[in-house]
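A.B. asks: Pasting in a structure now, in structure tokens, and then I'll have a few things to ask.
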Amino acid sequence: MPQVIRIIMSAVILVSVGAAVARADAGDPVRGAQRFQAVCGACHSADPAVKRLSVHLKSIIGRKAASVPGVAYSTALKASGWIWTKEQLETYLADPKKALPGTTMMVAAANAKDRADIIAYLASLN
């Protein structure tokens, strides 16, 4: 019986640790809102009614890239065929110029924690 209890306890611990890691990877949307303002806010808004230099990012997850009417997108982004997913945003935000040569986006979120938090925030806006 003690062997069975040890196995069950080990399984519970592994599941708990796995859940904690998954939550950490998912990012913190509250911190993400702050980092969004600091890193992205000069050019992007989370509110479609607020006009900035570039497109608003409300409901970006699942949106076709370069699809908001009235925005002057780069030729590269228009031709990308991308659908914005968390994974695509991770790659793009890490190094926009490398991910999509010809993009006009000039700011990267070099810090992985910042990217995860910003993406969590953007996902919360869907």
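A.B. asks: Mind counting the residues in region 83-101 that are part of a loop (DSSP other than H, G, I, E, B) and either without any contact (Cβ under 8 Å) to a residue 24 or more places away in the chain or farther than 14 Å from K64 by Cβ (or both)?
C.D. replies: Of the residues in region 83-101, 3 are part of a loop (DSSP other than H, G, I, E, B) and either without any contact (Cβ under 8 Å) to a residue 24 or more places away in the chain or farther than 14 Å from K64 by Cβ (or both).
A.B. asks: Another question, if that's okay. With the condition kept exactly as written, say whether any residue in region 90-109 is in contact with a strand residue (DSSP E or B) (Cβ under 7 Å, 6 or more places away or on another chain), at pLDDT 95 or above and not basic (K, R).
C.D. replies: Taking region 90-109 and keeping what is in contact with a strand residue (DSSP E or B) (Cβ under 7 Å, 6 or more places away or on another chain), we get none.
No, that holds for no residue.
A.B. asks: Then there's this: Would you point out the residue of region 32-55, among those that are aliphatic (A, V, I, L, M) and assigned to a loop (DSSP other than H, G, I, E, B), that is nearest to S124 (Cα to Cα)?
C.D. replies: Kept after step one, since they are aliphatic (A, V, I, L, M), are these residues of region 32-55: 33, 38-39, 42, 46, 49-50, 53, 55.
Next cut, assigned to a loop (DSSP other than H, G, I, E, B) only: 42, 46, 49-50, 53, 55.
Working: A42: 20, A46: 11, A49: 18, V50: 18, L53: 22, V55: 17 Å.
Filtering region 32-55 for residues that are aliphatic (A, V, I, L, M) and assigned to a loop (DSSP other than H, G, I, E, B), the one nearest to S124 (Cα to Cα) comes out as A46.
A.B. asks: Name the residue, out of K97, K78, K113, that is touching a Ser or Thr at 6+ places or on another chain (Cβ under 7 Å) and surrounded by fewer than 16 Cβ atoms within 10 Å (Cβ to Cβ).
C.D. replies: Exactly one of K97, K78, K113 is touching a Ser or Thr at 6+ places or on another chain (Cβ under 7 Å) and surrounded by fewer than 16 Cβ atoms within 10 Å (Cβ to Cβ), namely K97.
A.B. asks: Say whether the condition of being surrounded by fewer than 21 Cβ atoms within 10 Å (Cβ to Cβ), modelled with pLDDT of 95 or more and part of a loop (DSSP other than H, G, I, E, B) is met by at least one residue in region 116-125.
C.D. replies: Checking region 116-125: at least one residue is surrounded by fewer than 21 Cβ atoms within 10 Å (Cβ to Cβ), modelled with pLDDT of 95 or more and part of a loop (DSSP other than H, G, I, E, B).
A.B. asks: Looking at region 60-72, which of the residues that are of a type outside the set (D, E, K, R) and either under 24 Å from G32 (Cβ atoms) or assigned to a helix (DSSP H, G or I) (or both) is farthest from the chain's Cα centre (by Cα)? Spell out the reasoning first.
C.D. replies: Here is the first cut: in region 60-72, the ones of a type outside the set (D, E, K, R) are 60-62, 65-72.
Checking the rest, the ones that are also either under 24 Å from G32 (Cβ atoms) or assigned to a helix (DSSP H, G or I) (or both) come to 60-62, 65-68, 71.
Numbers: I60: 9, I61: 8, G62: 12, A65: 14, A66: 17, S67: 18, V68: 18, V71: 21 Å.
Among those that are of a type outside the set (D, E, K, R) and either under 24 Å from G32 (Cβ atoms) or assigned to a helix (DSSP H, G or I) (or both), it is V71.
The values are calculated or read from the model by the stated rules, or taken from the named source; none is laboratory data. Since we're looking at a predicted model, the values are computed, not measured. As a convention, Cβ positions derive from the backbone with ideal geometry for all residues, glycine included, and neighbour counts pool all protein chains shown.
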